[in-house]
Amino acid sequence: MAKEYTIKSGNDVCADIVWHQHKISKSQRASIKTQKPCLLWFTGISGAGKSTIANAVEAQLFELQRHTYLLDGDNVRYGLNKDLGFSDESRVENIRRIGEVARLFVDSGMIVLSAFISPFREDRKMVRQMLEPGEFVEVHVSTPLNVCEQRDPKGLYKKARAGRIEKFTGVDSPYEPPVNPELTLNTDAVSLSECVERVIGYLIAQQFIVERDATLYRAS
């Protein structure tokens, strides 16, 4: 079990730290990848299908020879965030760190995909504000709780209902759904392939990937 992380008070950067301006800009990094960087933020309760969709979208982008990186909630807790537990405070810090890492990847010119429950609207807003307007693409995987419980791929709902897991989102900890997400996907009503098509279609429509990719995608 991870040790609880105590967030230090105050958000000011030390006065002795000076921002170093890079010679190469984000737009220059993106230009040699022939794409526009963004962060696809998949949010939803456990079992909704976030990781499944994110993986499938990344696979399709790979086929289109796009430059991507996928950040997954469980995987990040194996390393960067292994010192965090699941209190509300630790959940906030978990998302803050992920937001900062994702921002760096976006600055490198990448299309970043993230799959995190990220239950609190304020935390998702915090990440959105780290990026330039239009770069944060909130994808609400809105699969109903009863469907997610029936799936229960990791057996977590069963443990939570038995009292073996505390503060489990959707059971005894709240999930605050997005109010105006860029995309909404319900995997109980829409197939995986259609979910992928909608996400890729959004990237094409918003010109995150260029017309050459659109032609390839329509031909596939």
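Only the coordinates and a few stated rules stand behind these numbers; no lab work does. Quick caveat: nothing in here was measured; it's all calculated off a predicted structure. Cβ coordinates were reconstructed from backbone atoms using ideal geometry, including for glycine residues, and neighbour counts include every protein chain displayed.
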Local electrostatic count, residue 92, Cβ distance below 9 Å [Lys/Arg +1, Asp/Glu -1]: -3
Filter on 23/125; 50/158; 50/125; 33/82; 82/154 - keep pairs with C-alpha separation over 22 Å: 23/125; 33/82
Computed helical MRE - 222 nm, the chain, DSSP H runs ≥ 4 contributing -39500 (n - 2.57), nearest 500: -12000 deg cm²/dmol
Cα-Cα P(r), segment 32-129, percent of pairs per 5 Å interval: 3, 13, 24, 25, 20, 10, 4, 1, 0
Segment 74-153: equivalent-ellipsoid semi-axes (sqrt of 5 x gyration tensor eigenvalues, Cα, Å): 22, 17, 13
Descending semi-axes in Å of the chain, equivalent ellipsoid built from Cα gyration tensor: 29, 25, 13
Quotient of C-alpha Rg and 2.2 N^0.38 Å, computed over segment 89-135: 1.09
Peptides 94-106, 73-85 ordered by average Cβ neighbours within 10 Å, highest first: 94-106, 73-85
Residue-count net charge about residue 179 - beta-carbon cut-off 13 Å; Lys, Arg +1, Asp, Glu -1: 0
Kirkwood Rh, angstrom, segment 146-191 [1 / mean 1/r, Cα pairs]: 12.3 Å
